[in-house]
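Have a look at the structure below before the remarks.
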């Protein structure tokens with residue numbers, strides 16, 4: 001069951017009415033009253049606010065209003081027929097799959113931080129391009145660190161954000177999956193933070209079994225991360241978190257922000273890999289949906305405030321149109337310019353929820369045509 005977003009509880013959103021829960025609340029109230037008597041009024045007020053706020057880490061918020069006038073549009077998808085970045089040769093670090101592109105403009109060129117799978121481990125590698133179409137691989141830049149929280153399976157599936165000479169990269173690692181942060185100023189030497197910056201939720205929450213698929217944007221001076229959360233029923237849905245520095249995050253109390261699709265829909269079995277941008281007075285999202293046969297396609301959602309989303313009827317469900325992506329279309333990364341939205345995405349010809357899909361990276365464009 002999703003966490004009730006309106007309940008101001010400590011992280012999980014549940015009110016514990018067991019004897020232990022009631023006793024705990026009584027103890028907290030007693031501590032609060034004692035502190036109020038012992039502390040000056042200002043300090044007591046601060047403590048009161050902290051107690052009433054629960055454990056922290058969760059908040060109610062909306063994103064800044066999108067720029068521009070809200071206008072009706074129709075989303076038209078125009079993909080290139082062939083992949084623009086192929087998986088590597090046998091024995092290379094990305095020989096099984098090349099997926100999860102995260103494309104940014106950095107240092108006067110396009111940089112693609114993408115995920116490569118060698119049959120055992122997911123790594124992050126880099127490629128560079130002058131036009132976003134013809135790519136030159138630069139090799140592997142991040143790998144998981146066994147013996148740390150990351151484990152040995154994955155340090156990939158991330159989101160890049162360029163800030164001047166600094167490049168930030170939030171990525172998935174660990175078991176259960178959590179989200180870490182690495183940064184670089186030259187694209188070669190990377191510094192990872194020692195602990196994950198976004199962890200799983202508490203017992204009973206919508207993301208207690210894992211968080212993954214980060215996609216980070218800047219809006220109004222804050223960072224906002226859209227991500228996947230998995231609960232104990234293995235439902236994979238989407239949520240959002242906010243941060244002032246990209247390191248310390250508070251999750252939206254109303255998560256998840258997008259539920260599974262209806263029975264028979266392309267996204268009935270799971271959601272993931274959101275990519276978000278603003279245009280025509282709205283926030284737009286392109287996300288991956290999985291059906292019960294593990295075929296993956298992409299769909300659209302729209303929002304006025306970045307936290308309350310509905311599926312967008314203005315756009316199509318995007319399925320593979322070529323042999324190389326006949327079973328999987330996923331992992332969007334977007335950049336928009338005027339009415340054109342550039343999209344880099346993953347694709348494969350094997351229906352599987354994770355790996356060994358012969359993954360390669362494609363390119364398409366979304367044109368947002370005005371409806372008159």
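Throughout, read-outs are computed from the coordinates displayed, never taken from laboratory work. Remember, predicted model here, so these are calculated numbers, not experimental data. Virtual Cβ from ideal backbone geometry, glycine too; neighbours counted across all protein chains shown.
Below are the figures for this structure:
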read-out: Additional length obtainable on full extension of the chain from residue 322 to residue 335, 0.36 nm per residue less Cα span; value: 2.4 nm
read-out: Listed peptides 145-152, 347-354 by packing density, highest first (mean Cβ within 10 Å); value: 347-354, 145-152
read-out: Extension gain from residue 128 to residue 233, taking 0.36 nm per residue of separation minus the Cα-Cα distance; value: 33.8 nm
read-out: Rough spin-label spacing in nm, given labels placed 7 Å along Cα→Cβ, for residue 365 and residue 294; value: 3.6
read-out: Nitroxide proxy distance, nm - points 7 Å out along Cα→Cβ at residue 95 and residue 310; value: 5.1
read-out: Scattering curve values for the range 73-370, log₁₀ I(q)/I(0), Debye with Cα scatterers, q = 0.08, 0.14 Å⁻¹; value: -0.29, -1.00
read-out: Mean Cβ count within 10 Å, highest first, over the residues of peptides 326-335, 160-169; value: 326-335, 160-169
read-out: Label point distance in nm, residue 138-residue 259, each placed 7 Å from Cα along Cα→Cβ; value: 4.3
read-out: Span per principal axis, largest first, for the Cα atoms of the range 63-208 (Å); value: 49, 42, 31
